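Beneath this line is the structure, given in structure tokens, with notes to follow.
The values are calculated or read from the model by the stated rules, or taken from the named source; none is laboratory data. Keep in mind the model is a prediction, meaning the values are calculated, not measured. Ideal geometry is used to build each Cβ from the backbone, glycine not excepted, and the neighbour counts take in all protein chains shown. With ligands, DNA and RNA removed, areas are computed over all heavy atoms of the protein, side chains included. Shrake-Rupley method; radii C 1.70, N 1.55, O 1.52, S 1.80 Å.
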Amino acid sequence: MFNASVSFHDVLFMLRGAGVTLLLTFWAVVGGTTLGVLFGLLRASAPGWPSFALGAVLDVFRSVPLLIQIILVNAFAPILGFDVSAFTIACIVLAVYGAAYCTEIVRASVLAVPQPTRRAARSLGLTWADDLTAIVFPIALRVGLPGWIGLALGLMKDSALVLWIGVIELLRSSQIVVTRTQQPLLVLGIAGAIYFLISFPIARAGAWFERRWQDQ
Amino acid sequence: MIEIEDVHKSFGALEVLKGVSMTVARGEVVSVIGGSGSGKSTLLMCINGLEPIDAGRVVVDGVDVHARATDINRLRRRIGIVFQQWNAFPHLTVLENVMLAPRKVLGKSRAEAEAIATDRLSHVGLKDKLVAYPSRLSGGQQQRMAIARALAMSPDYMLFDEVTSALDPQLVGEVLDTMRMLSSEGMTMVVVTHEMRFARDVSDRVAFFHRGRIHEIGPPEQVIGNPQRPETADFLKSVR
Amino acid sequence: MNYSFHWRPVFQVMPEMLAGCLVTVEIAALSTVIGVAIGVALALGRTGGNRAAAAFALAWIEFGRNTPGLFQIYLVYFGLGSFGLHLNSYAALTAGIAFNNASYLAETFRGGLRAIPSTQTRAARSLGMSAPLAFRLIMLPQLFRIVYYPMVNQMILSVLMTALGLTVGLDTDLAGVTQHFNVLTYRTFEYFSVAAALYYLIAKAMMLTSRVVAWRLFRY
Ligand SMILES: Nc1ncnc2c1ncn2[C@@H]1O[C@H](COP(=O)(O)OP(=O)(O)OP(=O)(O)O)[C@@H](O)[C@H]1O
Ligand SMILES: [Mg+2]
């Protein structure tokens, strides 16, 4: 019971935690991107006060600590009478938080498409829908992809915060193992390595894309 | 006096200067002409030690520019240089741009430096732009400011590297006029230029640079008016 | 919904929460200043000629950017104990955020240095300035302007990160004070909504202040 060494079993337990981290990230990215693209297109194409208001609301999510948002939603859900799991709450908060950032990425990318290019496309007889799918999206995608990859990795790292409401993701599972084995440095070292191995290759790929596209 | 003796200089495998020799006497104006990539800018940078050389010597008033013992920062105070790209310091006003080096390099007081800077700036016709930031200046004004900035160090020599090439045509005249004025005041100048009229009217001698060597050097009437070498003639045809 | 909100107890502890705000800003400012200092060193180390320094800087930067900030705070708080170095939660939080800040700011500074054309240094050197003098008088002011807003941004992110002090038991900053009263009454939603509003105000106040300062500072 009080075997103080880190066993294979512990590592397996942490890997299961890493699985939860990835699952959280997946839902946060899917939800955040869906909402973000929707809001972003809205903000880019409908200027004036609705866009401004949406921007101001989303800005709140970027100006309040994520941990506080998690605590608030976790406390508010039962008040509303919802009986949802901590995991679901975690996914929802992370998704909305991601959407707040994704919206600005999408908006900036769409606005980065030069107007003359779009006018030229329309003057060639392309319809509004053609213009969007053939001109705007391909260009905006290139502009926005590096930022979006950064956002996805950011959500992966931020997902650690949901340990506060009892979701046993990678960092929480490591903490549990630390408590049992009393070997914080080794266990946290393993956790750090797992985070790094997930994040680093994707970050590198993103930087590579960015460089390649800048050269063109 | 600037003495350039058999200077060699390579960038990697590319030999840019292949044994250049030339002297510039006090009070003399020497124009350097030649095709793009022939090594003119490189030569100027070697004169004030901004680029190291591989072989040969550059001696300014008896001081070997590239010797280890030479205090290059001290030497550079006496050699002003103005570049093709406008190199205004964007975070400083016109006056501050010109005051900076006298204050920080020569150790002059603020009042002294301001007096010098105001004097040089009036000299190049920028008296009414003292508190403007460079971004508010035209290209021609920025180049004149760069000239004033170099003159504020009271240099004995001035090097000019195609200072009008990046300017709109209508702004070229004002900068050339400033340089004419300097030459008439007796400043020793080495001027890399594509302005043949200027080279002919102002210089005491013209050097034609070709493939890293001085191909022909002599008075403007000869080099520009009656070139002795076919390459010089070809080059002159191409720029007319 | 048969929950009744009670706001009065929250407003009764407002002085304590405002005092917590000060601690929060203090930690954010401290960790930004330390982060800037280390960030400059890392950026110079990464671009400089020394192989070992470059490798060290790269390792720090990549590790800092590819692991969660919370993980870094844990590492400082729990992990350093293995070396007999036991930091209290305030110091551990500050050090963790500073470590994180340094990793991101190092890349900001590196990009900023590359954005200044080399012709600027050349022009400065041609006026007889030594390399250090040219760096201080010409490069640094321009670099400062380029990295000013990214730096402000990092400081605001630091404010938000201070809430992670909860996880290492810090009870003097805004989140910690809020949690302290929360566990006494379990009015979680009320207490933390007010805390959220205060964080929002701190972030906005910083943004606004930075704009005013920038307007005074950068006239060109
Ligand atoms: N720092 C450098 N590194 C590598 N190659 C260089 C460098 N500076 C100049 N060169 C090369 O050296 C050659 C000579 O360059 P230089 O600038 O001296 O020519 P130039 O006669 O001034 O031409 P231009 O009239 O175009 O200004 C060119 O081929 C150039 O590409
Ligand atoms: Mg040149």
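The distance separating the Cα centre of region C:33-89 from that of region B:86-147 comes to 43 Å. A convex hull fitted around the alpha carbon atoms of chain A yields 146 Å³ per residue. Between B:A115 and C:L208, the simple label model (points 7 Å from Cα in the Cβ direction) yields a spacing of 4.9 nm. When chains B and C come together, the accessible area they lose, probed at 1.4 Å and totalled over both chains, is close to 1900 Å².
Looking at chain B, do any whole DSSP H helices span at least 20 angstrom along their long axis by alpha carbon and average 0.0 or above on Kyte-Doolittle, and which?
Span-like helices, by this rule, are B:169-184.
Here is the size of chain C from its Cα atoms: Rg then Dmax, 21.0, 78 Å.
Region A:78-102 and region B:1-37 have Cα centres spaced 71 Å apart. Treating each Cα of region B:100-240 as one equal point scatterer and applying the Debye formula with no solvent, the log10 of I(q)/I(0) at q = 0.17 Å⁻¹ comes out as -0.97. Computing FRET efficiency as 1/(1 + (r/R0)^6) for B:V131 and A:L80, where r is the C-beta to C-beta distance and R0 is 60 Å, gives about 0.45. In this assembly, the A-C interface accounts for approximately 3100 Å² of buried accessible surface in total, computed with a 1.4 Å probe and without ligands, DNA or RNA. Axis angle, to the nearest 10 degrees, between helix A:184-215 and the longest C-alpha principal axis of chain A: 10 degrees. Accessible surface for the protein assembly as shown, divided over its residues, is 46 Å² per residue with a 1.4 Å probe.
Interface burial in region A:55-75 reaches 50 Å² or more for A:S63, A:P65, A:L67, A:I68, A:I71, A:L72, comparing the full protein assembly with the chain by itself; accessible area from heavy atoms with a 1.4 Å probe.
When you look at the Cβ of every residue in B:46-53, what mean number of other chain Cβ atoms sits within 10 Å?
Per-residue shielding by partner chains comes out at 1.
Scanning chain C for long hydrophobic helices, with DSSP H runs required to stretch 30 angstrom or more by C-alpha along their axis and to average at least -1.0 on the Kyte-Doolittle scale, returns C:14-47, C:89-115, C:188-217.
The peptide list C:108-118, A:138-148, C:66-76, B:59-69, put in order of mean Cβ contacts within 10 Å with the highest first, becomes C:66-76, A:138-148, C:108-118, B:59-69.
When the scattering of the protein assembly as shown is computed by the Debye formula from its Cα atoms alone, each counted once and equally, what is log10 I(q)/I(0) at q = 0.06, 0.08 Å⁻¹? At q = 0.06, 0.08 Å⁻¹ the computed log10 ratios are -0.51, -0.80. Just the protein heavy atoms count here, and of the accessible area of the protein assembly as shown at 1.4 Å, carbon and sulfur take up 62 percent. This model, with +1 at the C-beta of Lys and Arg and -1 at the C-beta of Asp and Glu, gives region B:72-125 a dipole about its Cα centre of some 340 debye.
Based on the alpha carbons, how large is the Rg to Rh ratio for region B:34-164 when Rh follows Kirkwood? Don't jump to the answer; show the numbers that get you there.
Values: Rg = 15.6 Å, Rh = 15.6 Å.
My calculation of the ratio gives 1.00.
Here A:R204 and A:L23 are evaluated by their C-beta separation; at R0 = 41 Å the FRET efficiency comes out at 0.95. Farthest towards the positive end of the charge dipole of region A:19-167, among the residues A:L163, A:P114, A:S85, is the Cα of A:P114, using unit charges on the Cβ of Lys, Arg, Asp and Glu. Peptide B:62-74 has a mean of 1 when you count, residue by residue, the C-beta atoms of other protein chains within 10 Å of its C-beta.
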